Protein chains: 2
Amino acid sequence: MNKFTTNLRYFIFSRFYILDKHVLRGFNVNQSFSHCYSTRKNVSAMDKVGSIKRINNVNLYTKRSHTCGELRRENVGQKVTLCGWLKYQRMNKFILLRDSYGEIQLLFPDIGGQQILDQMPFESIIEVEGTVVLRPECMINKNQQTGDIEIEVEHFKMLNEARDNLPFNIREFQKAKEMLRMQYRYLDMRFPEMQKNLRMRSKLLMRMREFLIHNHFIDVETPTLFKATPGGAQEFIVPTRFPGKFYSLVQSPQQFKQMLMAGALDRYFQIARCYRDEGARSDRQPEFTQLDIELSFTDVECILTLIENLLSYTLSDDYATIPTHFPRMSYEDALENYGSDKPDISFDLKLQNCTDILKKSQHIGPIPDDFGAYLLVVDQKQHQAKATLTKSIKDAHLQISKQYQSAKFIQFKVLPNEGLSKLEKVFGTREINDLRKRFPVEEDSVLFLAYGEKHEARQLMGKIRLEYVNYLENKLGLSGIRRKGLSFLWVIDFPLFELNFEDGSLQSAHHPFTSPNLEDLPLLDSDPLKVRALAYDLVLNGNEVGGGSIRVHDPHLQEKILDLLGIDKGTLQHIIDMLGSGCPPHGGIALGLDRLLAILLNAESIREVMAFPKTFEGRDPVSQAPSEVSEETLNLYHIKVVNKDL
Amino acid sequence: MNKFTTNLRYFIFSRFYILDKHVLRGFNVNQSFSHCYSTRKNVSAMDKVGSIKRINNVNLYTKRSHTCGELRRENVGQKVTLCGWLKYQRMNKFILLRDSYGEIQLLFPDIGGQQILDQMPFESIIEVEGTVVLRPECMINKNQQTGDIEIEVEHFKMLNEARDNLPFNIREFQKAKEMLRMQYRYLDMRFPEMQKNLRMRSKLLMRMREFLIHNHFIDVETPTLFKATPGGAQEFIVPTRFPGKFYSLVQSPQQFKQMLMAGALDRYFQIARCYRDEGARSDRQPEFTQLDIELSFTDVECILTLIENLLSYTLSDDYATIPTHFPRMSYEDALENYGSDKPDISFDLKLQNCTDILKKSQHIGPIPDDFGAYLLVVDQKQHQAKATLTKSIKDAHLQISKQYQSAKFIQFKVLPNEGLSKLEKVFGTREINDLRKRFPVEEDSVLFLAYGEKHEARQLMGKIRLEYVNYLENKLGLSGIRRKGLSFLWVIDFPLFELNFEDGSLQSAHHPFTSPNLEDLPLLDSDPLKVRALAYDLVLNGNEVGGGSIRVHDPHLQEKILDLLGIDKGTLQHIIDMLGSGCPPHGGIALGLDRLLAILLNAESIREVMAFPKTFEGRDPVSQAPSEVSEETLNLYHIKVVNKDL
């Protein structure tokens, strides 16, 4: 800085330059901090209490008169005050000033003092007063919103100088590595991409609130420091001053929202922070946000309609076409046709069941009871270009198939002179002739086949279906396979229970408060795995973005289900008591907002739509949390660290 | 239940009664669960996507056609479906049905089947279909909103039977003890008082959001799992899978919101969950909610105006008169005139400084440098009735005075023949004559005097001022002392530092990120306790309901302040780096919403405006959290409990 001390006064605390006083008058620091440009504007913004007059109030309560993005040809001649980041300077004469709302060119008069411009680090914070002038015709930049004009600077102030050598350049989003972006999140946020994501998040969440409040839902804040929930995900624990006693951080407000229903707060919502300790898993976060909804005297149909209407309203301002009804598919149909309980229906390619044909085969050893065989044919005519099967994609598929040990997997390209004959030696000639009759396969198609344990065979084919289409799109650059836009889908009729493969016990497919379909009540004792739940998942482009259920409201039924699940009723006595105290039938849903927003905003991961995400290991890259705490704190909470050197 | 099995069919799971089928046709359970009354209505509620038609949509997405509160004389003849709680029955013929929106009388036709009415426990959930009929003239109840009509029941269904002997009666709010109310919060919420509190909370928070979103503030969710903040309140810790490493639960989003400013999210707000482990303290909660706001390129004046406008808008719908500007008072004036940094200015009674007179006294021993003497005179004429000074209130005052060991306290009633003569022997005749001249005291007034160490003397008088006025109002029933309504006040010009009396070190009066008043920068080295902060507190009726400051944006100044505070700069390196990366001048505020709402809603404690508060010890009365966790969980987090039997 030394070389500037001759032509500018430099205050250590205010970082305040005054250029040659004949040209640029300096501000008095205290004046500029005590005078509020907006006091005057505030009054006009509130004509009378309670009614907000529609003006551009993004500048209210600040010292700027305009943002860097809003000035146009029609403002020429106006005196303005602008604040922002020094994005760029050139010729020691022009500065490109940036804020969250745009960019504008500043023109400095041609005097000696301006020599400092090229010494000011990019990203420094500056404030200027000046006049809006038209650019010379040859300088007009049609690609810039403010490209018709520039600001002839009269006063200039350095508000906060940036250091040189920031970790990455705010002009090159693509070049910044994600780990560095997360560590210097306050730099990363200056990229237009992050600005858009976080501003859209705010907007869409507010649209959701508007819809719900308008529909008489009540926003209720429920605690996050709670008691461990039996079963389910690993919950973080919080030691307390009571020796040996811990809170658990809630994984959802499930129990509270049911208590609200018993409490006659019959239409509840909350944009709720939830916690889950899933260890190191990509694209999961230890804390996440869900839109949590519950209402009384309702049923499945009502809730699905509510969410369809909610999303229509939320997205209508920014997305061209949102269907007012989403298709519905049973869990069984989803697995049968798509090999997934969250099928991506943005393309049609369905699995084809050939179980009845192939199970006659004498060649494949003993046929198990739960045998299934599924075919997936990618017809090259449908997909505009030759569907190829390179070694690399075949290997990727084989890698996937290894996760399904009870299913066998075959893949090949149907050559003109071969057809399906390759399959004959596997299954026998008669079986393959039957197959040819039922599923005429065009030459040059690519064929996938999985057979074995039915659940595994179709799940494997579900994975192959996605992997191969991703390959066609991303590696081969084929377009038009997936339909553009948002493919919402309801998956319904989930089973109430599933088998814990480790010990053969029953566990909840959703959670223990989910109501069985009342038609299936007689099966609870005789064949519990056949009992359907009144549960539903919302799927968007093949991702689960929400789920919910009608809840059990009968205390006796709740006790019976806890018994079947082997859950100690004592840990949920408060819920059983609550159901028996006059609790309406009720149900609800939770939408995972991070995932939903990531898809809506075309983001690569949920981290792109969160202000301060943690790494996949759960570390905070900004502050380096988690970190060690003092002995004193550990003593306060009656705990000791063990295995510290692990 | 056995005695009913003859005249009704009883399904164990559906709790579903069918009365005599000639009179009341029963529903089929599955029909009633699968048919959505509201599907039709939903369509009309959304004429086109994005625009909500104004209809009464509190019944959308439910099986009811109307709430229990909305039917009137003009609905006579309509077929309706109502759901709710059985509040009361009489004559085995009438049921009073209650929901969150009101009450309505059901009339059952006179047949044998209805004998069961008097056997149904209060608070059971029932559903009826019927016709709105006019009550006979003599039965009209003008005190009930639906008192002109009743419902002639055609179909009836018991949706969920309540058990007998609930812990308290929903008809008698005053009789329910708070501990029981908290334990059975789902019953407590059925009281109109709790319904009002929680519904108003939702409404007022939404008004705040509307105002802020309209003013281009962005709602950003910041993490709660973070790193310990040096200094400040005790933070809860959360063990992780990294041995010896802990998150801390944030006590406020302070650091994150400053990073957002550096990140060009220049207008931020959040209704944020915060955590503080303050042990057992009455009227505090381990988790609480604040409205958190921060903006760039602003100053003190702008932020105070912003909050005034925000509260005007928020409250304008429900409170008659909210001033558009709140008075401002310096910290020094607040202490000097009211003996408090959060003065209750809803009544005028001010302290009177008589230091200069009494410090001349030869009778009271050596006069310290920081001597102060304050008088408080309660003139009985001003307060409409004789201000008395009973033994009990005198004792209460003496109890308070014991907390201020460096101040002496005198209280007496000014008798007609005595006047101030009592004071002569304490201070000397000349001093008291001077006192008489400057402060003419009416007979029958009550006089309080404190002298000694100035800060203690005036704080003591501040406490006495409140205690005595509470006594006049609550014990003597004097009205008109406090002005009705909301007395907002800004307290400004706080000191930047205060002395840690334990070790004589400096500590932040607010927090280490608070900017000094730039006029006082030269004092930072020479006389740091004299440096004023650019900080402000919002006070409502004598309660601190918010506070904030302009923050330090210069990294060098921030380092200097951390040095003065003796805080290790390493723990806040990310903040210093952030300030040096191009960070705008910025400031903000946080409003404590629980306290603010408790005052606005006239609630006795913040627990009355929270859905599920914890006890003052931090226990959850519903689930009995905190509780023990498994060895397995402790091992996962590499901790061990010590002193378990404390």
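Per-residue ellipticity at 222 nm computed for the protein assembly as shown from its helices equals -7000 deg cm²/dmol, with DSSP H segments shorter than 4 residues left out and the rest contributing -39,500 (n - 2.57).
Across peptide A:626-632, the average count of Cβ atoms from other chains found within 10 Å of a residue's Cβ is 6. To put it simply, the accessible area of chain A at a 1.4 Å probe is 49 percent carbon and sulfur. A viscosity of 0.692 mPa s and a temperature of 37 °C, combined with the Kirkwood radius over Cα pairs in Stokes-Einstein, give a translational diffusion coefficient for the stretch B:125-223 of 181 µm²/s.
Averaged across B:189-201, how many Cβ atoms of other chains sit within 10 Å of each residue's Cβ atom?
That works out to 3 on average.
For peptide B:89-101, the mean count of partner chain Cβ atoms within 10 Å of a residue's Cβ comes to 1. Translational diffusion coefficient of chain A (Stokes-Einstein, Kirkwood radius from Cα pairs, 25 °C, 0.890 mPa s): 82 µm²/s. If you wrap the stretch A:419-510 in the convex hull of its Cα atoms and look at it from every side, the mean projected area works out to 10.0 nm².
Both numbers refer to the Cα atoms of the stretch B:347-482; Rg and Dmax are 14.4, 43 Å. When you restrict to C-alpha pairs under 8 Å that are six or more residues apart and normalise by the size of the stretch A:532-646, the relative contact order lands at 19 percent.
Compute for the stretch B:252-397: radius of gyration divided by Kirkwood radius, i.e. Rg/Rh, restricted to C-alpha atoms, rounded to two decimals.
1.08
Kindly list the residues of the stretch A:247-278 that lie in the label zone of B:Arg241, defined by a backbone N under 14 Å from the point 7 Å along the Cα-to-C-beta vector. Zone members listed by number: A:276-278. Label-point spacing at A:Arg483 relative to the other copies reads 6.4 nm, in ascending order, each point sitting 7 Å out from Cα along Cα→Cβ.
For the protein assembly as shown, the dipole from Cβ point charges (+1 on Lys and Arg, -1 on Asp and Glu) about the Cα centre works out to 1560 debye, to the nearest 20. Among the GluC sites (Glu not before Pro) within the stretch A:366-439, those in coil by DSSP and having at most 13 neighbouring Cβ atoms inside 10 Å are A:Glu418. A simple spin-label model places the labels of A:Glu544 and A:Asn165 4.9 nm from each other, with each point 7 Å out along Cα-to-Cβ. If the Kirkwood radius is taken over C-alpha pairs of the protein assembly as shown, then at 10 °C and 1.306 mPa s the Stokes-Einstein diffusion coefficient equals 45 µm²/s. Remark: the stretch A:208-259 projects, on average over all directions, an area of 5.0 nm² (convex hull of Cα atoms). Round to a whole angstrom and tell me the spacing of the C-alpha centers of the stretch B:502-554 and the stretch A:592-613. For the stretch B:502-554 versus the stretch A:592-613, the Cα centre distance is 38 Å.
For B:Thr324, the accessible area of its heavy atoms, probed at 1.4 Å with every protein chain present, is near 70 square angstrom.
If you place +1 on the Cβ of every Lys and Arg and -1 on the Cβ of every Asp and Glu, how big does the dipole about the Cα centre of the stretch A:580-640 come out, in debye to the nearest 20?
It works out to roughly 240 debye.
Ordered by solvent-accessible area of protein heavy atoms (1.4 Å probe), largest first, the residues A:Lys63, B:Lys93, A:Lys79 come out as A:Lys79, B:Lys93, A:Lys63.
Here the stretch A:142-157 is scanned for amide nitrogen atoms under 11 Å from the site 7 Å beyond the Cα of A:Val76 along Cα-to-Cβ, giving A:148-150. Normalised by the number of residues in chain A, the average gap of Cα pairs under 8 Å and 6 or more apart makes the relative contact order 12 percent. The convex hull defined by the C-alpha atoms of the stretch B:166-306 has an orientation-averaged projected area of 12.5 nm². Shown are A:Lys437, B:Lys245, whose ranking by accessible area with a 1.4 Å probe and every protein chain present, most to least, is A:Lys437, B:Lys245. Among B:Met200, A:Met461, the sequence by solvent-accessible area, most first, with a 1.4 Å probe is B:Met200, A:Met461. For A:Arg430, the accessible area of its heavy atoms, probed at 1.4 Å with every protein chain present, is near 140 square angstrom. Around B:Gln105, what is the net charge, scoring Lys/Arg as +1 and Asp/Glu as -1 over all other residues with Cβ under 9 Å from its Cβ? So the environment of B:Gln105 carries a net charge of -1. Over the stretch A:461-500, the hull volume per residue, using the convex hull of the C-alpha atoms, is 115 Å³. Taking 8 Å as the Cα distance limit and 6 or more residues as the minimum spacing, I'd like the relative contact order of the stretch B:357-426 as a percentage. Relative contact order comes out at 25 percent.
The values are calculated or read from the model by the stated rules, or taken from the named source; none is laboratory data. As the structure is a prediction and not an experimental result, all values here were calculated from the model. All Cβ positions, glycine included, derive from the backbone under ideal geometry; neighbour counts span all protein chains shown. SASA here: full protein model, heavy atoms, side chains in, ligands and nucleic acids out. Shrake-Rupley method; radii C 1.70, N 1.55, O 1.52, S 1.80 Å.
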